[in-house]
1. Condition (residue is modelled with pLDDT of 95 or more, of a type outside the set (A, V, I, L, M, F, W, C), open to solvent by 60 Å² or more (accessible area, probe 1.4 Å) and under 13 Å from Glu100 (Cα atoms)) applied to the range 160-180: is it met by at least one residue?
2. Specify the residue that is most open to solvent (accessible area, probe 1.4 Å); the eligible residues are those in the range 130-150 that are at pLDDT below 95, within 15 Å of the chain's Cα centre (by Cα) and more than 13 Å from Leu185 (Cβ to Cβ).
3. Return the residues of the range 12-29 that are in contact (Cβ under 8 Å) with a residue 60 or more places away in the chain, within 15 Å of the chain's Cα centre (by Cα) and over 14 Å from His85 (Cα atoms); say none if nothing qualifies.
4. Looking at the range 122-146 only, could you name the residues that are of a type in the set (A, V, I, L, M, F, W, C), touching a helix residue (DSSP H, G or I) at 6+ places or on another chain (Cβ under 6 Å) and closer than 25 Å to Val90 by Cα?
5. Any residue at all in the range 64-76 that is open to solvent by 10 Å² or more (accessible area, probe 1.4 Å) and under 25 Å from Leu185 (Cα atoms)?
6. Among residues belonging to the range 46-58 that are farther than 12 Å from Glu82 by Cβ and part of a loop (DSSP other than H, G, I, E, B), point out the one that is least open to solvent (accessible area, probe 1.4 Å).
7. So Leu86 fits all but one of (1) open to solvent by 10 Å² or more (accessible area, probe 1.4 Å); (2) closer than 25 Å to Leu3 by Cβ; what number is the exception?
8. Does Tyr61 satisfy the condition of being aromatic (Phe, Trp, Tyr), more than 18 Å from Glu148 (Cβ to Cβ) and in a helix (DSSP H, G or I)?
Amino acid sequence: MNLPDTEPINDPGGLWALQTELLAMAKSMYGPRDQSFRVFHPQFCKNGPNIRIECAPRGAYAQLSYSGRFYWPTVVYELAHETVHLLNPVKKSEINYLEEGVAVAFSISVQERFGVKKVQIPSFDKPDERQYAIALKWVNALPYGALESAGRIRREIGRFSVVSTEDLLNIYPPPALDPAIANALTTSFDG
């Protein structure tokens, strides 16, 4: 897959095409998104990346960082991550380590698929990235790897943010999944 030769800030059509493609990829891996929310066009903002939920009309969109305005690889990294959150938009306080780890794993996979030369992976050594690195480590401890296992979990439970320790252990009974990892994945993400 090729990235456009434009600047993201000046290519709303290319940005929307990327969002549409990423949503299709996420839905094929993890199941359908919550149709009670519309997905709006991604925006660049100083507080990005994150998702923004709107009430009227009911919808959500990815807020991307200013650093992505002129650089498609940053947009791919951020938008892929936020796309996982757009499947079932919830408040930041409702996100668990499972959902955050899946978002990181999906973002890494998408960067590789788009041929991004320097794939961005969270580091344990950087304080602002440490919790994301932990989430990725825990989600990679799922049987069959993060991407495949997460798809099964979401299809069986419906959304990542409501998965309980018991749900995970019913899907992947010990010793396939360590109960301590299952418990860690279902705790509230504090990153």
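1. There is no residue in the range 160-180 that is modelled with pLDDT of 95 or more, of a type outside the set (A, V, I, L, M, F, W, C), open to solvent by 60 Å² or more (accessible area, probe 1.4 Å) and under 13 Å from Glu100 (Cα atoms).
2. Only one residue fits best here, namely Glu148.
3. Once the filter is applied, which keeps residues that are in contact (Cβ under 8 Å) with a residue 60 or more places away in the chain, within 15 Å of the chain's Cα centre (by Cα) and over 14 Å from His85 (Cα atoms), the range 12-29 yields only Leu18.
4. Ala135, Leu136, Trp138, Val139, Ala141, Leu142, Ala146
5. No, the range 64-76 has no match at all.
6. Applying the filter and picking the extreme gives Pro57.
7. (1)
8. Considered against the rule, which asks whether it is aromatic (Phe, Trp, Tyr), more than 18 Å from Glu148 (Cβ to Cβ) and in a helix (DSSP H, G or I), Tyr61 comes out as no.
The values are calculated or read from the model by the stated rules, or taken from the named source; none is laboratory data. Just so it is clear, the structure is predicted and the values come from calculations on it, not from any experiment. A quick note on method: Cβ atoms are made from the backbone with ideal geometry, for glycine too, and the neighbour counts reach across all protein chains shown. Heads up: the accessible areas ignore ligands, DNA and RNA and are worked out on the full protein's heavy atoms, side chains in. Shrake-Rupley method; radii C 1.70, N 1.55, O 1.52, S 1.80 Å.
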